[in-house]
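K.L.:
Please see the structure below; I have some questions.
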2 protein chains.
Amino acid sequence: MVVKVYSPVYACPKRVIVCLIEKGIEFETVPVDLVKGEHKTPEYLKLQPFGFLPVIQDGDFTLYESRAIIRYYAEKYKSQGTDLLGNTIEERGLVEQWLEILFSSALGLLPDEKIIKESEEKLGKVLDMYEERLSKSKYLAGGFFSLAYLSHLPFTQYLVGPMQKEHLIRERKHVSAWWDDISNRPSWKKVLELYKVPPKFKYAGVQ
Amino acid sequence: MVVKVYSPVYACPKRVIVCLIEKGIEFETVPVDLVKGEHKTPEYLKLQPFGFLPVIQDGDFTLYESRAIIRYYAEKYKSQGTDLLGNTIEERGLVEQWLEILFSSALGLLPDEKIIKESEEKLGKVLDMYEERLSKSKYLAGGFFSLAYLSHLPFTQYLVGPMQKEHLIRERKHVSAWWDDISNRPSWKKVLELYKVPPKFKYAGVQ
């Protein structure tokens, strides 16, 4: 069964796709053009009644909310590809903790230039906590790569790319090394290569 | 081992406590007075470096982020007390989906009177989706009570109580019945009885 992922060019669907690649799960993508309002069509709303991205279809099973989707696949295919949940219930607990923290929340749901500027100081403080944590542990939730990092990839990419805030990462030695590590994973490089964001899209409507 | 839960009077720690009661897990509470800034003391920041609520200590294990905590206990004691995760991976996927959606996000992280007023229309639309979903299914994620509902309890209580927006719930037949159902669980009644919010606290600092 090939998994269908809707609207791969946006940040949150990329979280899902990098997970599918890490787990070695076959998928196909379905474009949804937010500029044309395709996320508000009756057909799309049948799949995702709130009109948000992403949504997946896996046979008869439909699921939305990117973090719910990545948890589902990490659990369904636990022993296939990269294990993204840790080995013990405590390790999983820490993965979940860092999956919830996600520093993009310091910037609100729809990061735009104005909000970013106002929130840069706040974000800096959150990254200081990351720095402290990463000085003691290779990854946030412990010594292993996990769901928590998949979830960080799209937003951090946006931060260092279009938002030109790479200095926030580079000023912090351990955060910088952590970003180099996770952003150089072949799965993430593949996602960036396959699904480029057309400039007209910006990040509107991405939850 | 008795679980220590910090600062039980606020909304997010209540999410944790109702979960511990549903699972039949012994706990004790540690007060943290936000008004006195006790969430910013060096001692508290050692437990929760971001200075947010809640945090738990379970022997040597410390965990924060209310949803990470409730997942941890739902999984650790899967066969004890109320099963909050569903029976299949697909059921769990839907629980996670509705745990992420959580309509309070329509109002921002710190609901205050001004934001609420501006967002009432937006919240109404989200509740319309809930109404649609609940017209087909007893609970949001399916026919069973789950983590997703625990997570809804504190915010909805705040909505129908101090915010005086009960009409948003009562105008919608299925949402209204769902709220009566989940808010009448003995575990939730016990939480409300045990941990009343002092008026001076309001909801500042609650994540």
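K.L.:
Report whether or not A:A141 is of a type in the set (G, A, S), in contact (Cβ under 8 Å) with a residue 40 or more places away in the chain and within 27 Å of A:E65 (Cα to Cα).
P.N.:
Answer is yes for this residue.
K.L.:
Which one of these does A:T62 not meet: (1) more than 10 Å from chain B (Cβ to nearest Cβ); (2) over 23 Å from A:L192 (Cα atoms); (3) of a type in the set (V, I, T)?
P.N.:
Failed condition: (1).
K.L.:
Considering region B:144-188 alone, what residues qualify as being within 27 Å of B:Y72 (Cβ to Cβ) and in a loop (DSSP other than H, G, I, E, B)?
P.N.:
Correct list: B:F144, B:F145, B:S146, B:N184, B:R185.
K.L.:
Residue check: is B:K78 more than 30 Å from A:K76 (Cα to Cα) and of a type outside the set (S, T, N, Q)?
P.N.:
No, not satisfied.
K.L.:
Tell me, which residue of region B:9-22 that is part of a helix (DSSP H, G or I) and among the hydrophobic types (A, V, I, L, M, F, W, C) is nearest to B:L147 (Cα to Cα)?
P.N.:
In this case the residue turns out to be B:C19.
K.L.:
Next question. Restricting attention to region A:157-193, report how many residues are among the polar types (S, T, N, Q) and touching a helix residue (DSSP H, G or I) at 6+ places or on another chain (Cβ under 6 Å).
P.N.:
So the count comes out to 2.
K.L.:
Quick check on region A:73-92. Is at least one of its residues of a type in the set (K, R), surrounded by fewer than 21 Cβ atoms within 10 Å (Cβ to Cβ) and either at pLDDT 90 or above or under 12 Å from A:A148 (Cα atoms) (or both)?
P.N.:
Yes, some residue in region A:73-92 is of a type in the set (K, R), surrounded by fewer than 21 Cβ atoms within 10 Å (Cβ to Cβ) and either at pLDDT 90 or above or under 12 Å from A:A148 (Cα atoms) (or both).
K.L.:
OK, next. Could you identify the single residue in A:I25, A:I56 that is of a type in the set (A, V, I, L, M), within 14 Å of another protein chain (Cβ to nearest Cβ) and in a loop (DSSP other than H, G, I, E, B)?
P.N.:
Details: A:I56 fails: in a loop (DSSP other than H, G, I, E, B).
The unique qualifying residue is A:I25.
K.L.:
Condition check: touching a Cys at 6+ places or on another chain (Cβ under 7 Å), modelled with pLDDT under 95 and under 19 Å from A:V191 (Cβ atoms). Does A:L53 satisfy that?
P.N.:
So A:L53 passes the test.
K.L.:
In addition: Please find, within region B:65-82, the residue that is farthest from the chain's Cα centre (by Cα) out of those that are within 22 Å of B:A11 (Cα to Cα) and more than 10 Å from every other protein chain (Cβ to nearest Cβ).
P.N.:
Going through the qualifying residues, I end up with B:T82.
K.L.:
Let me ask something additional. Taking the conditions exactly as written (under 19 Å from the mean Cα position of the chain (by Cα), at pLDDT below 90 and not hydrophobic (A, V, I, L, M, F, W, C)), does B:G24 satisfy them or not? First the steps, then the outcome.
P.N.:
Details: under 19 Å from the mean Cα position of the chain (by Cα): yes; at pLDDT below 90: no; not hydrophobic (A, V, I, L, M, F, W, C): yes.
Here the answer is no, as B:G24 does not meet what is asked.
K.L.:
Quick one: how many residues across region B:155-175 are buried (at least 16 other Cβ atoms within 10 Å of the Cβ), over 20 Å from B:V18 (Cβ atoms) and polar (S, T, N, Q)?
P.N.:
0
K.L.:
Tell me, which residue of region B:72-96 that is in a helix (DSSP H, G or I) and hydrophobic (A, V, I, L, M, F, W, C) is nearest to B:V3 (Cα to Cα)? Working first, answer last.
P.N.:
Start the filter on region B:72-96 by keeping residues that are in a helix (DSSP H, G or I), which leaves B:72-76, B:89-96.
Imposing the further condition that a residue be hydrophobic (A, V, I, L, M, F, W, C) reduces the set to B:74, B:89, B:94-95.
Values: B:A74: 14, B:I89: 28, B:L94: 28, B:V95: 24 Å.
Selected residue: B:A74.
K.L.:
So, one more: Those residues that are surrounded by 18 or more Cβ atoms within 10 Å (Cβ to Cβ) and either assigned to a helix (DSSP H, G or I) or free of Cβ contacts under 8 Å to residues at least 60 places away in the same chain (or both), I need them from region A:28-46; list them, please.
P.N.:
If the condition is that a residue be surrounded by 18 or more Cβ atoms within 10 Å (Cβ to Cβ) and either assigned to a helix (DSSP H, G or I) or free of Cβ contacts under 8 Å to residues at least 60 places away in the same chain (or both), then A:V32, A:H39, A:Y44 are the ones that fit.
The values are calculated or read from the model by the stated rules, or taken from the named source; none is laboratory data. Please read all numbers here as calculations on a predicted model, not as lab measurements. In this analysis, Cβ positions are derived from the backbone assuming ideal geometry, glycine residues included, and neighbour counts consider all displayed protein chains.
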